[in-house]
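S.K.: My questions all concern the structure below.
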Amino acid sequence: MSDAPKPAANPAAGSRAGMKKELPEHFKAYKHVWVFIEVERGQVHPVSFELLGEGRKLADKLGVELAGVVLGPPGEATRAAVAESFAYGADLAYLVEDPLLADYRNEPFSKGLTDLVNTYKPEILLLGATTLGRDLAGSVATTLLTGLTADCTELAVDADGSLAATRPTFGGSLLCTIYTLNFRPQMATIRPRVMAMPERTDKPVGRVITHPLGLVEADIVTKILSFLPDRDAGKSSLAYADVVVAGGMGLGAAENFQLVKTLAATLGAEFGCSRPVVQKGWMPAERQIGQTGKTIRPKLYIAAGISGAIQHRVGVEGADLIVAINTDRNAPIFDFAHVGLVTDAIRFLPALTEAFARRLS
Ligand code: FAD
């Protein structure tokens, strides 16, 4: 509908009015952009590829190299993660291979990553804001005594080469840009799906720099006794779905969410909701979309009875096509939806489902 400007672009980013411009001489030793490649149970988390795409842009702007950092047990999965780093744009990879890195534990991963940073000195280090990435980034930044900007929505390089890391603040009502001016490396975490997935290429393998972990099992306090898979794992692939149908408070009652689920099932889509719906207990928390829920980037997003508050908007504005159904023509969602339908979602959703069912049958 409207071409209203997105709040993601922070006009203050890059200006740093009144801040110190001269960067200390010893910062020159810190070069290149690194992305931590998260591998869990043999699988690279897609956020790592999204960060390689973003890291590529930063590295090109700075005229430096982009590196993937892989820590894992010796074996095929770890080597495959290195190869995938190259396929998604890394020029080189840092590799720490050790049996102690078989399952994620904070101590060996923190040691491996801090040792790499202290030895090879990157200027920027990016990690996914996943459960693992958040745990690791916090302890690595603390050990290195450097700054960490969590849950960034935008990254840029300033005129003097500093990382401008933008993230929502004050409950999402404002965006702030944070600089790490006095310490290196500059660290940031970014949630899955906030950055676009880059194209996978058949780029030949680049340089691999191996580094020892230098730990024995007796040094590590945490022991893995058994692995209990997340009960909810695999139930929802909302973040990576191509089509998402979501409902908000406008649906009025828990039973009306069946309309959302039925449309989603007809389209082969995932379903989601706004935060108050979760707070009401109408939908489980893993279905929440927005700043404190999932960020999505589907090809099609259908939002029914959702007002489009900023905290919801930041989680959906990466969608290619946003279709909003709302009874209030002044609802904020119409400021950023591509197609707007001013109508009662409770009556419209069954008609839409029927129309799709007829077309798709
Ligand atoms: P409402 O704001 O109540 O809007 C309901 C909409 O439905 C209205 O626009 C109304 O016109 C429309 N409507 C009513 N009846 C019908 C009908 N029959 N058919 C069609 N339309 C109808 N929110 C999130 O979604 N995700 C988050 O991650 C999130 N994080 C937050 C974090 C913080 C720190 C804070 C402070 C808030 C957060 N919120 C989040 C809450 C957010 O501010 C809004 O309150 C919330 O998104 C509103 O949900 P809603 O649009 O479903 O409900």
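Where a number appears in this text, it was derived from the coordinates with a stated rule and is not lab data. The structure displayed is predicted, hence computed values, not measured ones. Note that each Cβ is placed from the backbone with ideal geometry, even for glycine, and that neighbours are counted across all protein chains shown.
S.K.: Residue farthest toward the positive end of the dipole of the chain, with Cβ of Lys/Arg at +1 and Asp/Glu at -1: which of V47, I333, T189?
M.R.: I333
S.K.: A follow-up question, please. Beyond 30 Å, what share of the Cα-Cα pairs of the chain remains, rounded to the nearest whole percent?
M.R.: Tail of P(r) above 30 Å: 44 percent of Cα pairs.
S.K.: Counting C-alpha atoms alone, how compact is region 109-193: give Rg to one decimal and Dmax as a whole number, in angstrom.
M.R.: Just the Cα atoms of region 109-193 yield Rg and Dmax of 12.6, 40 Å.
S.K.: Just for the chain, what percent of DSSP beta bridges are antiparallel, to the closest 5?
M.R.: 20
S.K.: Pairing the Cα long axis of helix 106-120 with the longest principal axis of the chain, what angle in degrees results, from 0 to 90 and rounded to the nearest 10?
M.R.: 60
S.K.: Please give the contour-minus-distance gain from Y240 to R358: 0.36 nm per residue of separation, less the Cα-Cα distance, rounded to one decimal in nm.
M.R.: Going from the current span to full extension adds 39.8 nm.
S.K.: Against the longest principal axis of the chain, how steep is helix 46-62, in degrees 0 to 90 to the nearest 10, with axes from Cα atoms?
M.R.: 60
S.K.: Once you have the alpha carbon radius of gyration of region 178-244, what is it after dividing by 2.2 N^0.38 Å, with N set to its residue count?
M.R.: Ratio of Rg to 2.2 N^0.38 Å for region 178-244: 1.79.
S.K.: Taking Cα atoms, how many degrees apart are the long axis of helix 345-360 and the longest axis of the chain, rounded to 10 and kept between 0 and 90?
M.R.: Rounded to the nearest ten degrees, it is 80.
S.K.: Mind giving me the nanometre distance, one decimal, between the label points for I209 and D103, set 7 Å out from Cα along Cα→Cβ?
M.R.: Going from the I209 label point to the D103 one covers 3.2 nm.
S.K.: Given labels modelled 7 Å from the Cα in the Cβ direction, how far is it in nm from R41 to Q279?
M.R.: Distance between the two pseudo-spin positions: 3.3 nm.
S.K.: Let me spell out the model: positive unit charges on the Cβ of Lys and Arg, negative unit charges on the Cβ of Asp and Glu, origin at the Cα centre of the chain. What dipole size does that give, in debye rounded to 20?
M.R.: Dipole size: approximately 640 debye.
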